[in-house]
Each structure stands twice: as C-alpha cells, then as structure tokens.
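Worksheet: the structure to be examined is printed underneath.
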Amino acid sequence: MQGRIGAVGFVRGLLRILRGRPRIPPSLENNKALSVVLDRRSVRRFVQKDIADDVFAAILEAGRLAPSTVNLQTWSFALFTAGSWQEMFDRPTPFRAPRAVVILADTHRVRQAIEAFAESPLVEYTVAVMNASLAAMNMTIAAEALGVSSVMLSETGRSGLLDAGYLKEKLALPDRVIPIATIVFGYPRAGRPPMPPKFPLETISFEGAYRQTDSAVMEEWLAQMKAGYKASHPLSSLDAQLEHYVSKIGRAETDLQAMVFRNEK
Ligand SMILES: Cc1cc2nc3c(=O)[nH]c(=O)nc-3n(C[C@H](O)[C@H](O)[C@H](O)COP(=O)(O)O)c2cc1C
C-alpha cells in the first residue's frame, strides 16, 4: 500500500465517490427488480428495531432456494437474534444488528447421502464456498427487496472466514462445515451509504484474451478507496484496516488448511 494521499487527492476521490451511480439504460430506469440489485449497499448502521419473523423467514427462503452445483445445496445457516448472538459469543452482534446468519460452506450433509468429492478437497471446498456464497447473496437481495439492509462480514466481530477456527469451536462444527461469512441484517439508520469506488465495466471485462489493467486506473481507484475510508472512519485509515486484516490472515490460513486438507477424521 502506498502512503498518505494529499488533501487534493482526498477531495477529488471523495467527489468521485459521491458522484458514483449505477449505470442503468434509460429504458430500464423503472425496473424495480433491477433497482433492488443495483441500489443494494453494505449497511453498517441499523435502527434498534427487530425484523419480523415472517420477513426474516422470507429472507432465509431466498437462501434455501439458491442455485447450487448439481443441486447439492452445500450450505448451512446458523441463525441468531441479537440476544442469542450475545449468549453465544458474549458480545453484541456486529454493528448491533437485530439478526445475523453465519453462512457455512457445508459438504458434511451431502456426504451422508452420496459419495461426492472423494479425494478432491480443493474442488470440494471451492464448490461449497461457491454455492454458499450464492445462497448468501440471494438472502441479501431478498432482504433488500423487503427494505432490510445487510452487510456480509469475513472478519468484523470474529464472524467470518478469517475467524473460521474460532467459529468452528464455538458452533461445534463437524468436519467439512466451514464458516465463510456472517451476514447481519437490520433496518438502515441514516439512509444508504454512497457507492464505494467500483471498477468501470471496461476495466473488469474483456473480449478475447485477458486484458491487463492500466496501473493509472488502479492508482485512481486506490486513492478513492482511501478517501472513502477516511471519510467514513475519520479515526482510522484504509492502511490500518488492511494491516489488521493481514495480521489475522496467517492464523486463518492455518485454520482453513486444517479444515480443508486435514479433516479426514
Ligand atoms: C465476503 C465478504 C466479506 C466482507 N467482510 C466485511 C467485513 O468483515 N467488514 C465489513 O465492514 N465489511 C465487509 N464486507 C463488505 C464490503 O466491504 C463491501 O461489500 C464492499 O466495500 C462493497 O460495498 P457494497 O457492498 O456497498 O457494494 C464484506 C463483503 C463480502 C462480500
């Protein structure tokens, strides 16, 4: 990571973020389903209002009905209210959200019925993570359609992939059940945050052979990321946050390797 960004870079980056909008063809501007997907933002501030059980059930149903490899449905969902999270983890839910779901990549269940993935731990893990991620995304989109905001977490509050070992122990997870993220849900406080800097489609797509991204595009993006982070976390910085992530990655790698490659009990 590069060092500090100057004041001019900060202001310019911030202005770009504030101007960032989904690109929707005018003919589709009134399409509600499209707006739900494109307007979704990760929300980290919630009002202290619970989500009704039937609304939450609909969100979970969207997870249950997600697509998956050969319909193997390689996922489990650990469900929490603010109270049961406090009881389990001895602290409030991340961002004090009223509901949380720990998303688990789970090939334990399906192995009880069929012999899938005999000796292919990497394929097994990848398939499980892919499918569970789709279920997670389905939940966040369904939530959004119901006016419920969310954020997926891999680290914050010891709630995801980077704390897989801790969660395995806490939730008494069998082998081949791997926590990949927690989604916290709630009604947003203070509206929707601005869209963080997203790469333009021209940067992330190509026709034919792979196209290398211009380093100027990446520098510009990094400056915007830093400005956006500083604006929302005045007492911290993107560099500090990344350092925190990096400090946890070694342990997480060891825990995950044990779960993925040495879980032959
Ligand atoms: C798998 C995954 C893990 C994430 N982990 C965290 C996290 O630990 N803490 C956090 O505040 N946000 C986390 N996020 C949210 C991202 O920061 C967010 O999606 C990204 O900045 C883009 O913003 P948007 O969701 O509003 O488009 C995570 C998102 C994903 C998909």
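The values are calculated or read from the model by the stated rules, or taken from the named source; none is laboratory data. Worth saying up front: this structure is predicted, and the values here are computed from it rather than measured. Glycine gets a Cβ as well: all are built from the backbone with ideal geometry, and neighbour counts include every protein chain shown. With ligands, DNA and RNA removed, areas are computed over all heavy atoms of the protein, side chains included. Shrake-Rupley method; radii C 1.70, N 1.55, O 1.52, S 1.80 Å.
Structure summary
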read-out: Size of electric dipole in the chain: Cβ of Lys, Arg +1 and of Asp, Glu -1, about Cα centre, debye, nearest 20; value: 980
read-out: Accessible carbon and sulfur surface of segment 1-44 relative to its total accessible area, %, 1.4 Å; value: 56
read-out: Carbon and sulfur %, accessible surface of segment 108-249 computed with the full protein complex present, 1.4 Å; value: 61
read-out: Principal axis box of segment 47-126, alpha-carbon based, largest edge first, Å; value: 46, 27, 19
read-out: Surface per residue (accessible, 1.4 Å probe) for the chain, Å²; value: 58
read-out: Kirkwood-based Rg to Rh ratio, segment 120-260, C-alpha trace; value: 1.00
read-out: When the convex hull of its Cα atoms is projected in every direction, mean area for the chain (nm²); value: 17.1
read-out: Interatomic Cα distance distribution for segment 1-135, bins of 5 angstrom, percent; value: 2, 8, 11, 12, 13, 14, 14, 13, 8, 4, 1, 0, 0
read-out: Magnitude of the charge dipole, segment 143-265, Cβ model with Lys/Arg +1 and Asp/Glu -1, debye to 20; value: 480
read-out: Separation between Cα centres of segment 64-100 and segment 133-177, rounded to whole Å; value: 6
read-out: Computed magnitude of the charge dipole of segment 1-110 (debye, nearest 20; Cβ of K, R +1, Cβ of D, E -1); value: 860
read-out: Of P22, I141, L242, farthest towards positive along the dipole that unit charges on Lys, Arg, Asp, Glu beta carbons give the chain; value: P22
read-out: Packing rank of 126-132, 215-221, 205-211, 178-184, where each peptide gets the mean count of other beta carbons within 10 Å, highest leading; value: 178-184, 126-132, 215-221, 205-211
read-out: Rounded D (µm²/s) - segment 202-265, Kirkwood Rh over Cα pairs, Stokes-Einstein at 4 °C, 1.567 mPa s; value: 85
read-out: Whole-Hz ³J(HN,Hα) from phi, Karplus 6.51 cos²θ - 1.76 cosθ + 1.60, for segment 160-167, glycine and proline x; value: x, 3, 6, 10, 4, x, 4, 5
read-out: Degrees, to the nearest 10: 238-261 long Cα axis against longest axis of the chain; value: 20
